[in-house]
Amino acid sequence: MRRTPRVWNRSRRGARGAAKSLARRGPDKKRRASHAARTSHTVPRTAAQYFAMSAQSKETLTRVAHVVTQMRRHCDSLRQAALENRIDPRTVVRLARSALQKDARGRYKARASDHLLRVLRVLTPKGLQEVAIRDSRLASLVAQHANAVRMYLQTGNDSALRMLKRKSITDASGRRVRLLMGLGEIDILGSAGLLSFEYLYARSA
């Protein structure tokens, strides 16, 4: 007696396979959404990439840089520095992993220096300019220069300016940028109210 092919069973297996495929689409969408959220803030390597970012992404990068600087300067923990700068520690690790290292206890510490891209307001002979920098040591020099100029304008004491070891920096593209050192020019800009170091980092918007 010839057996009848079990077509119904095959159809049933096909239906089960389709159901499983449909069931898998939900988690796939969630995974894609999660991946998009993780990659919404990318790490720029050039000034052009930075300026093409949204204001929110720029603000996130600024907060990340603040956290790394605070960890390095004050030996704060990642969690404490992130909390004070109102950013998720996981975001800091994701965007500044190259600037961090783990100690013997597995805790994140800031490296002695880093190459994160920072866009800072630098006082040059042409006035305040937004300059992209990829060296934390140069970023520290820019901050020292700004503090020295502020002290001179407030007290007339130019000793901090004279003590600066370097008079120029190199931006992310390799271009040399001179720091303004002339007291006369600083006086003119200060009297005109054109110098404000309230925000060392470039404005996000």
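The values are calculated or read from the model by the stated rules, or taken from the named source; none is laboratory data. Note that the coordinates shown come from a computational prediction; the quantities given were computed from them, not determined experimentally. Every residue, glycine among them, receives a Cβ derived from its backbone with ideal geometry; neighbour counts consider all protein chains shown.
Within segment 165-182, the set of residues being surrounded by fewer than 16 Cβ atoms within 10 Å (Cβ to Cβ) and in a loop (DSSP other than H, G, I, E, B) comprises Lys165, Arg166, Lys167, Ser173, Gly174, Arg175, Gly182.
At least 1 residues being modelled with pLDDT of 95 or more is the threshold, and among the helices (runs of 4 or more DSSP H) wholly inside segment 19-123 those reaching it are 55-74, 78-84, 89-95.
Each residue in segment 124-164 was checked for being out of contact with any Phe, Trp or Tyr (no Cβ under 7 Å at 6 or more places or on another chain), part of a loop (DSSP other than H, G, I, E, B), over 25 Å from Lys58 (Cα atoms) and touching a residue at least 24 places away in the same chain (Cβ under 8 Å), and 1 pass.
State yes or no: is Lys126 farther than 26 Å from Met53 by Cβ and surrounded by fewer than 16 Cβ atoms within 10 Å (Cβ to Cβ)? Taking the combined requirement at face value, the residue does not satisfy it.
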